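These notes concern the structure reproduced below.
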Amino acid sequence: MRIVCVGGGPAGLYFAALARRRLPEAEVTVIERNPAGVTYGWGVVFGESLLAGLHRADPVSARQIATASVRWRDQHVRIGGATSGDAVHLGGTGYAIGRHRLLDILAGRARDLGVSIEYEREVTEVSQVGDADLVVACDGVHSQLRRQDETEYGTRIRSGRNRYLWLGTHALFDAFTFAFEQTPAGWIWFHGYRFDAETSTVVVECAPQTWDGLGFADLDPQTTAARLSSIFAGHLDGHDLLQRARDPQTTAWLSFTGITNERWSHGPVVLMGDAAHTAHFSIGSGTTLALDDAIVLADSLALHPERQVALAAYRATRLPDVMALQTEAANSERWFESVDRTIAADRALDFGYSLLRRRFARLSPGERSPRWRYEVLRATQHPALRSMRFGLTAARHAVRPRPR
């Protein structure tokens with residue numbers, strides 16, 4: 001069996017490695033348009049459940065990813081001039097890893113298992129990969145392979161309302177940090193988290209009228225970073241915000257692109273990761289969705305020798321989880337689109353609680369969020385009670401069985 005993965009991101013590299021593990025006789029190739037070692041991202045986040053799944057799928061790469069990851073504890077909500085000491089504390093834990101480091105680990109593991117990786121080669125049509133039994137389109141949200149047959153896939157594409165920009169900083173956020181600042185043009189905020197010993201990811205977001213009012217359409221990357229550094233100076237501990245873009249002359253502001261597909265395969269091509277589905281970045285599930293896709297697709301091919309049966313099993317297994325996360329992400333996206341209408345510095349705890357519950361914003365008729373959740377949040381703003389909660393969380397984590 002000859003398998004070609006078009007796209008050398010986390011999904012393509014991880015699937016390629018797993019395919020070699022599950023199907024040792026398969027010839028597996030990854031084709032990536034960028035040069036080796038080049039990535040334009042910062043850090044990515046994921047949770048304990050993904051790490052457990054990686055250990056089950058391939059313990060070798062899982063241990064490397066775990067070692068290279070940073071664990072963050074707590075989520076902070078800062079409004080206006082609030083510092084970390086004045087933040088609303090939402091609790092929670094998670095992991096982050098630099099995208100470059102993640103790709104290095106996955107590429108190294110894929111090569112060790114016999115995968116061929118071809119860099120600086122762009123594929124826009126299936127005919128360019130030769131006689132492959134399976135072509136895995138994992139070439140991102142703007143997948144060229146999917147675009148060739150979007151009618152066959154039943155592709156639906158929509159654009160989000162807010163504008164956002166991925167940046168970095170040497171300010172280190174040990175908690176996942178949401179910082180909101182009011183400007184004459186409206187509120188602007190960032191999602192920030194540390195992903196290694198020196199760097200944090202900062203995703204800046206705002207409503208389109210704020211973006212227009214602050215004149216970002218006319219600013220070059222350096223001026224954009226400087227203005228945002230000034231706006232968020234109270235949260236950056238004297239550090240600046242940093243750009244890392246494909247084009248150093250263009251600031252890469254984006255609007256979220258929502259992707260769904262009624263069908264995930266057509267002929268020899270199967271969609272995976274962002275090519276198949278996207279979820280708003282505000283719930284931090286993009287990497288999890290991609291790697292879980294890779295695990296299930298590799299397992300399905302190993303269990304079902306007939307290609308179309310395997311591809312149908314892959315979609316049937318993944319679709320419920322994907323749809324659930326997309327629903328939560330859509331709720332979160334709508335919540336952030338309403339920040340200008342709901343934020344109030346004098347009701348920071350209420351705002352923080354709303355942020356915490358944003359994934360579940362659309363409750364069934366008559367259903368209300370339990371009051372006790374709010375009271376627990378209020379209580380754990382006290383340092384002693386918060387430390388107790390962290391201790392209980394750490395104890396549960398310590399006794400949880402660890403995959404070997």
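The values are calculated or read from the model by the stated rules, or taken from the named source; none is laboratory data. None of the values given here were measured: they were computed from a predicted structure. With ideal geometry, Cβ positions are generated from the backbone for all residues, glycine too; neighbour counts draw on all protein chains shown.
The set of residues in the stretch 284-300 being of a type in the set (Gly, Ala, Ser) and either assigned to a helix (DSSP H, G or I) or over 17 Å from the mean Cα position of the chain (by Cα) (or both) consists of Gly286, Ala290, Ala294, Ala298, Ser300.
Restricting the search to strands (runs of 3 or more DSSP E) fully inside the stretch 170-253 and requiring at least 2 residues that are among the small types (Gly, Ala, Ser) and under 22 Å from Gly80 (Cβ atoms) gives 186-194. Scanning the stretch 301-323 for residues that are free of Cβ contacts under 8 Å to residues at least 60 places away in the same chain, assigned to a helix (DSSP H, G or I) and of a type outside the set (A, V, I, L, M, F, W, C) yields Gln308, Tyr314, Arg315, Thr317, Arg318, Pro320, Asp321. Checking Arg386, Arg368 one by one, the residue that is at pLDDT below 90, of a type outside the set (Gly, Ala, Ser) and surrounded by 14 or more Cβ atoms within 10 Å (Cβ to Cβ) is Arg386 and no other. Within the stretch 30-60, the residues that satisfy the criterion of being within 19 Å of the chain's Cα centre (by Cα) and part of a helix (DSSP H, G or I) are Glu48, Ser49, Leu50, Leu51, Ala52, Gly53, Leu54. Among residues of the stretch 338-359 that are at positive phi, none has a beta-carbon under 8 Å from a residue that is crowded, with 18+ Cβ neighbours inside 10 Å and of a type outside the set (Asp, Glu) at least six positions away or on a different chain.
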